[in-house]
Amino acid sequence: MGKTSFRLEYHLVAFLDVLGQREKFKALHLPTTLEDKVKVAEVLKQTAGFVLELRQTFDKNFTAFESGLSNLKKHTDKSVRPKFVSFSDSFVTSVPIRNQEGDLPLMVTIVSALSAAATVMQVSLASKHPLRGGIDVGLATEIGPQEIYGTALEKAYLLESEEAGYPRIVIGDELCSFLDSALSNFQAQATTEAKSITAIVMKMMGLIAIDIDGKRILDYLSPIMVEDAALRHKFREITLKPIYEFVLTEQERIKKGNDPKLTARYEAFRQYIESRIPLWNVD
């Protein structure tokens, strides 16, 4: 085995997971009749097909975000595309926190990662597929062109699997500390670049909200995302309404399951959506 040089450094990591896919897939069997084939085809469309659709959503979001940075391209030709890898129905976006390419490209890359996570959350819920996730900063090393390994990934995974509890993306403490430190640092500087970075950091902070249980979450229906949706004309109508309808349907289904803890969680989920409806100007 050849020698490999590893570098341990801080990374921002977003770990997202589509819920319920494995159960649907486990129920499949090889079809023996035409009716079976139709049923299997529909399940595959809603499982494997949907996972592929979300992967494409990530790619489109990264591409659109980068192509819109005409001002940044005047100062640097460095890529601001986050690293992305997916396996089964899980997705990992990561950004190495190093400023070798400059502070501005780094912050823009982090915004791209957060924006993509928020967009994917919208698309997933609007398509009636619950999604859960975690985002944090931690130590890791790169083990492939798009893949990292270390506690940064573990922290994001634990936020998703143990802290989220229902469809939402929980934000870790280290990410919040990183943003607080960055804001303090660049606000103290008077350069044009520092002012631009300050605005970017404030935008990232605008994508974080405090949920009803006190946890910080990615605010995928925030005013910032409303502005983004406005650029896509009727996107707000074709997204928010099906999201709200999905929440109501899921809440009724869970109530029938007689699980008080999960019922309370989905009540909080509904309250979050309803608190954002006025921002989107949708009846």
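The values are calculated or read from the model by the stated rules, or taken from the named source; none is laboratory data. Quick caveat, the model's predicted, so the values are computed rather than measured. Glycine gets a Cβ as well: all are built from the backbone with ideal geometry, and neighbour counts include every protein chain shown.
Tabulated data for the structure shown
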quantity	calculated
Within segment 167-203, considering residues that are modelled with pLDDT under 95 and within 19 Å of the chain's Cα centre (by Cα), the one farthest from Arg132 (Cα to Cα)	Ile200
Odd one out for Thr63 among (1) farther than 30 Å from Arg270 by Cβ; (2) at pLDDT 95 or above	(2)
Test: residue in segment 72-86 that is at pLDDT below 90, more than 15 Å from the chain's Cα centre (by Cα), assigned to a helix (DSSP H, G or I) and surrounded by 12 or more Cβ atoms within 10 Å (Cβ to Cβ)	yes
Search result, residues across segment 244-282 that are out of contact with any Ser or Thr (no Cβ under 8 Å at 6 or more places or on another chain), β-branched (Val, Ile, Thr) and in a helix (DSSP H, G or I)	Val247, Thr249, Thr263, Ile273, Ile277
Segment 129-177, residues that are within 26 Å of Ile212 (Cβ to Cβ) and β-branched (Val, Ile, Thr)	Ile135, Val137, Ile169, Val170, Ile171
Residue check for Leu179: crowded, with 18+ Cβ neighbours inside 10 Å, without any contact (Cβ under 8 Å) to a residue 60 or more places away in the chain, within 25 Å of Val80 (Cβ to Cβ) and in the same structural domain as Pro130 (by TED's automatic domain parsing)	yes
Output for segment 1-43, where each listed residue is in contact with a Ser or Thr (Cβ under 9 Å, 6 or more places away or on another chain) and assigned to a helix (DSSP H, G or I)	Gln21, Arg22, Lys24, Phe25
Matching residues, segment 108-149, being in contact with a strand residue (DSSP E or B) (Cβ under 8 Å, 6 or more places away or on another chain) and either β-branched (Val, Ile, Thr) or outside the structural domain of Glu160 (by TED's automatic domain parsing) (or both)	Thr109, Ile110, Val120, Ile135, Val137, Thr141, Ile143, Ile148
